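Accompanying notes for the structure given below.
Every number in this text was worked out from the coordinates using simple rules, so none of it is lab data. These numbers come from a predicted model, not from an experiment. All Cβ positions, even for glycine, are placed from backbone atoms using ideal geometry, and neighbour counts span all protein chains on display.
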Amino acid sequence: MPVTPKMPPAAALTCKLEALRAELRCILQHPAIAPVRRQAAEAFICQCTDAVRLEQWLALAVTECGQWEERVLAMEEKPER
C-alpha cells in the first residue's frame, strides 16, 4: 500500500488553491474569454480563498470555452453560399 505524506490541512488548502488559480489563469487565456473579463477575473482569482468556489468557476469557464469551440466548428462546417 502506498504511503501518502501527511500534509497539514492549511498547507494542503494552499496547494489546492494555487493549483486551481493556475488552472483558471490557463483556461482564461482561451479566445472565448475577452481580455476585459480576464482582467476582472484576476482580482477574483487572487482574493478567493474558497476552493469549492474556484472549482465551480473553473468548471463554468471550461464549459463556456467548450461551447465557444462548438459554435466555431459549426460555423466552419457550414457551406459558403
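Taking only pairs six or more apart or across chains, which ones have beta-carbon atoms under 6 Å, a first residue in the stretch 39-57 that is touching a residue at least 24 places away in the same chain (Cβ under 8 Å), and a second residue that is of a type in the set (Lys, Arg)?
ILE45/ARG21; ALA51/LYS16
Restricting the search to the stretch 14-25, which residues are farther than 18 Å from GLN67 by Cβ and either under 10 Å from the mean Cα position of the chain (by Cα) or of a type outside the set (Lys, Arg) (or both)? Talk me through it step by step, then tell me what you get.
Taking the stretch 14-25 first, the residues farther than 18 Å from GLN67 by Cβ are 14-23, 25.
Once the filter is applied, which keeps residues that are farther than 18 Å from GLN67 by Cβ and either under 10 Å from the mean Cα position of the chain (by Cα) or of a type outside the set (Lys, Arg) (or both), the stretch 14-25 yields THR14, CYS15, LEU17, GLU18, ALA19, LEU20, ARG21, ALA22, GLU23, ARG25.
Of the residues VAL62, VAL52, which is in a helix (DSSP H, G or I), more than 23 Å from PRO9 (Cα to Cα) and under 15 Å from the mean Cα position of the chain (by Cα)?
Checking each option against the conditions leaves just VAL62.
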